[in-house]
1. Using the 2.2 N^0.38 Å rule of thumb for compact globular proteins, work out how region 68-138 stacks up: its C-alpha Rg over that value, please.
2. Mean residue ellipticity at 222 nm from the helices of the chain, using -39,500 (n - 2.57) per DSSP H segment of n ≥ 4 over the full residue count, to the nearest 500 deg cm²/dmol?
3. Relative contact order for region 20-147: what is it in percent, counting Cα pairs under 8 Å that are at least 6 residues apart?
4. For the pair residue 101/residue 23, report the inter-label distance in nm, with labels modelled 7 Å from Cα in the Cβ direction.
5. Rank 229, 59, 49 by mean-square fluctuation in a GNM of the chain with C-alpha springs under 10 angstrom and give only the top-ranked residue.
6. Computed FRET efficiency, Cβ-Cβ of residue 378 and residue 16, R0 35 Å: what is it to the nearest 0.05?
7. Considering only 11, 357, 238, give the residue with the highest GNM mean-square fluctuation for the chain, with springs between Cα atoms whenever their separation is below 10 Å.
8. Kindly express, to the nearest 10 degrees and within the range 0 to 90, the angle between helix 364-378's C-alpha long axis and the longest C-alpha principal axis of the chain.
Ligand SMILES: Nc1ncnc2c1ncn2[C@@H]1O[C@H](COP(=O)(O)OP(=O)(O)O)[C@@H](O)[C@H]1O
Ligand SMILES: [Mg+2]
């Protein structure tokens, strides 16, 4: 199948020239043209090209803004920026906006074809590997747990669910088991009209049909959410048996089930931990967290779930006087992944109701969450490499 290319440039002659060059290659098909950024955004949605060749300076909407909008839509289109000499600053912005590569005008036939094919191949390889893996694997229940409120469980759960949806394009569920003070709905700006509290009060079995009617869609991402009760006192309605049944049914319909929890061993939390394929224990670099985490690990050890615990160090870049090695030594374990501290982006995202993986996909914390999502899909093999990155990020 030919590589579908869209050409966005305000100069007709340039578009004609590029079209002529590309027509010589049977692997490439020009599917459309746009004379400004806004048109390009519209045409990408309509034509779903593999590649956009994007000029920077265009009327109505420039190429960088268009690149940002197209990347934000998270389609499978890669953008190659065409710039003239001396636009270095713009180039940097364009790459930050999500462009995959750039090419300097005037370019030769070979340069153009080479760049298009390289970008296309790279994207396809990246996508194929991860998507295939996601489709082939068994349903995965991944629970975020931690011994403290405010440690980042909800932030990571919500953004991780969205990132998993983005990198795998499979069915992703997000379950809020912080039954008294669940924050997932608010973080996603969802109206929790129907929650787990109403679900468990329904007469009859919790089957696929009933449960699905309670899985609220988060439209911007495609993740489906089971919200926590609106009233804290309703948390007590949810029993161990309910929770077991909910996970049983979810596993029939979702590839990834991400669970947010409260910071204690409640019955529903225990069910989630028990059912999990992987438990992501969120830790930070401070003494109390270490002390409590050790106690929690002790309990998990006795419940036979220690083997599936992996540690995620949140705010890994915050300077606290404590080092990663200290933490690992105290917990007698290796940290699996790190999420940098970025209060501005994290708090901004909550205030806007748009998780940063969607709203600020190029921020350092969004990128690390996306990396965590790909590590989860790839499985434990991704462990070793991350270690070096983690150290590099902290020191
Ligand atoms: N990596 C981070 N950098 C900066 N702030 C963070 C980070 N992770 C979480 N936060 C902030 O910390 C607060 C508590 O996070 P939250 O995810 O609600 O914790 P928990 O669910 O464990 O109680 C929130 O205001 C959130 O924006
Ligand atoms: Mg929380």
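Any read-out appearing in this document is the output of simple, stated calculations on the displayed coordinates, not a laboratory observation. Keep in mind that this is a model prediction, so the values were computed, not measured. So basically every Cβ, Gly included, is an ideal-geometry build from the backbone, and we count neighbours across all protein chains shown.
1. Details: Rg = 14.7 Å, N = 71, 2.2 N^0.38 = 11.1 Å.
Ratio of Rg to 2.2 N^0.38 Å for region 68-138: 1.32.
2. Working: 17 runs with 192 residues, N = 395.
Mean residue ellipticity, 222 nm, calculated: -15000 deg cm²/dmol.
3. Values: 143 pairs, mean separation 23.7, N = 128.
It rounds to 18 percent for region 20-147.
4. Using points 7 Å along Cα→Cβ, the separation is 2.4 nm.
5. Top of the fluctuation ranking is 59.
6. Numbers: r = 44 Å, r/R0 = 1.26.
In this case the efficiency is close to 0.20.
7. Highest fluctuation among the options: 11.
8. 80
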